[in-house]
Structures are given as C-alpha cells and as structure tokens.
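Chemist: Submitted below is the structure of interest, expressed as structure tokens.
The values are calculated or read from the model by the stated rules, or taken from the named source; none is laboratory data. This structure is a prediction, so every number in the text was calculated from the model and none was measured. As a convention, Cβ positions derive from the backbone with ideal geometry for all residues, glycine included, and neighbour counts pool all protein chains shown.
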Amino acid sequence: MLAVEVKNLGFRYEDRHVALRDITLAIGEGESVGLIGPNGAGKSTFLLHLNGILPEDAKGEAAVWIYGVPVIKPHLPRIRRDVGLLFQDPEDQLFCPTIFEDVAFGPRQFGLGEKDVEGLVREALAKVDLQGFERRSPHHLSSGEKQRVCLAGLLACRPRILALDEPTRGLDPRGKRLLKTLLRTIEATKIIATHDLELVAELCTRAVVMDEGTIAADGPALTILADEVLMLKHGLEKPHILRHSHPH
C-alpha cells in the first residue's frame, strides 16, 4: 500500500524562488526513506507539502496523496492526523508552559476526552524516555530533550507517517544515539530529511537525493551513499560508516 504519492509537484515561494520542480515520488507503507542533498535542495519544502502546511501551486488539483487521500483543504484535518511533522527547530514546535500541555496539544485537537489525552501523553513521554517531565517547562531543557518532547507530541497523535526535518541537528553524540534508538522502535512510515548521512545509513532502506528542487537519484540507501561520484556531484560525502566497511 502506498503511504505517500506525489505527482508532478512544483512550488515557488512568493519571492519567485522555485523550490520544487516536477517532483514525482511514491513511498510504500512502512518504508524508511532518507531525503538527502545540499542546503537549498528543497527537502524542507517537500516535507511541508506532506501535511498541507504549504499549499501546492497547481490549479486546485492535488499533487500529493496520503494513503490515497488528496492533500487539499477539506481533507487537511485527517491528513494532519496521519502525518506527524517534526520541524528543524524545536522552538518552532514548543509553545506551551508545560511539557504536558505541549504533548497534549495534538490529541486535544481530535476532540478526545481528557482521560484519553492523559493516557496518550504518558505513553508518548515514556516512549521518548521523559517520564515524569509532565510539569516541567520545555524552555529549561537541553536541545536533545526539546527534540524528544516534540517527537512525543507527534507520537501522542499516533501518526502513520513521520516526516522529520533534520532530527539530529544540534544533538550531541549521546542525543543522536538516543534518537536513533527511538526511531528504530517506532512503527510508522518515516521520511527523514537530513545532512546526517550516518543516520540514513543506519536507519533508512532507501535514499532520495534532491538538488535544486528536483530528484537527482532514488534507490537503496547503501548503494546511493556508497556512490562517491554521485554524492560529490550533489555536495555530499560518502559517510564515515561506509568508508571502513569492506565488501564481503
């Protein structure tokens, strides 16, 4: 079953900068896809289309479908329940006085009873290893903890697709390790835009290289990451983790 289907998606910002050109891509349910490429390739812009934060510039016709449902205004509440989007900067996602309120924000939009919301919040915080943090203020946390609170906020909504924008940005090695371990345990389709190529090598089965708003390559993650010519051409480097591996 296709989780995400994108057909001929184009997008330009108001300053006329073309961010996406004719993107066509299909992602199956349960896939883990690394979205890689230089800065300005269009990765973040692409993710913002998956739950309708950025409307496409087509003439009212859908260019993105989530589980067969077109991403157009009437369907957005349902789409946003299915697609959990993690922003690059946790500060863009945390705006409540306590961690409980932040994590509860999403489930409350679905009109759930307070008991159910509490259960979801507790379960989500346990998943990200922040039990007992409910009453704390998000602003006194480390970068890694903030990132995990944001992830808990997504998990509390039980999305079928996680769209993560630079999830390891600003994390120390321990924070990165914790996040990778956590992402391995989450059963959802994952689309991860990242410069952290080690993360792609370890977590993703597929890599999509974006450059200048187009898809430059798409294939098995390790094959793409090991292709030094391709990587250099698009401002990337073969990750460390593959430099030391010898073919068997």
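Chemist: For region 110-131, give me each residue that is without any contact (Cβ under 8 Å) to a residue 40 or more places away in the chain, within 21 Å of the chain's Cα centre (by Cα) and in a helix (DSSP H, G or I).
Modeler: LEU120, VAL121, GLU123, ALA124, LEU125, ALA126
Chemist: Residues that are of a type in the set (Lys, Arg) and within 30 Å of GLY113 (Cα to Cα): which strands (runs of 3 or more DSSP E) entirely in region 150-243 hold 1 or more of them?
Modeler: Fully inside region 150-243 and qualifying: 189-193.
Chemist: Are any of the residues in region 165-182 under 24 Å from ARG21 (Cα atoms) and in contact with a Lys or Arg (Cβ under 9 Å, 6 or more places away or on another chain)?
Modeler: yes
Chemist: While we're here: Answer with yes or no whether LEU86 is within 30 Å of GLU237 (Cα to Cα) and touching a residue at least 40 places away in the same chain (Cβ under 8 Å).
Modeler: yes
Chemist: Of all residues in region 61-91 being small (Gly, Ala, Ser) and surrounded by 15 or more Cβ atoms within 10 Å (Cβ to Cβ), which is modelled with the lowest pLDDT?
Modeler: Step by step, filter region 61-91, then rank; the result is ALA62.
Each row is one residue, and each column tells you yes or no for (1) under 18 Å from GLN147 (Cβ atoms); (2) assigned to a loop (DSSP other than H, G, I, E, B); (3) under 16 Å from the mean Cα position of the chain (by Cα); (4) of a type in the set (Val, Ile, Thr).
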| position | (1), (2), (3), (4) |
| --- | --- |
| HIS75 | no, no, no, no |
| GLN88 | yes, yes, yes, no |
| PHE95 | yes, yes, no, no |
| GLY106 | yes, no, no, no |
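Chemist: Moving to a separate point now. Could you list, in sequence order, the residues of region 197-211 that are closer than 14 Å to LEU236 by Cα, modelled with pLDDT of 95 or more and of a type in the set (D, E, K, R)?
Modeler: ASP211
Chemist: Something else: Need the failing condition index for THR45 against (1) out of contact with any helix residue (DSSP H, G or I) (no Cβ under 8 Å at 6 or more places or on another chain); (2) surrounded by fewer than 19 Cβ atoms within 10 Å (Cβ to Cβ); (3) closer than 25 Å to GLU166 by Cα; (4) among the β-branched types (Val, Ile, Thr), just the number.
Modeler: Only one criterion is unmet by THR45, namely (2).
Chemist: Still on this structure, please answer the following. Identify all residues within region 156-175 that are under 23 Å from PRO38 (Cα atoms) and crowded, with 18+ Cβ neighbours inside 10 Å; write none if there are none.
Modeler: Correct list: LEU162, ALA163, LEU164, ASP165, GLU166, PRO167, THR168, LEU171.
Chemist: I need the full set of residues from region 159-181 which are under 14 Å from the mean Cα position of the chain (by Cα) and not polar (S, T, N, Q), in order please.
Modeler: Those that are under 14 Å from the mean Cα position of the chain (by Cα) and not polar (S, T, N, Q): PRO159, ARG160, ILE161, LEU162, ALA163, LEU164, ASP165, GLU166, PRO167, ARG169, LEU179, LYS180.
Chemist: Out of ILE53, ILE66, ILE36, ILE27, I need the residue that is touching an Asp or Glu at 6+ places or on another chain (Cβ under 7 Å) and on the phi < 0 side of the Ramachandran plot. Which one?
Modeler: The conditions single out ILE66.
Chemist: Next question. Mind counting the residues in region 92-107 that are more than 25 Å from SER44 (Cβ to Cβ) and either surrounded by 15 or more Cβ atoms within 10 Å (Cβ to Cβ) or among the aliphatic types (A, V, I, L, M) (or both)?
Modeler: The qualifying residues number 5.
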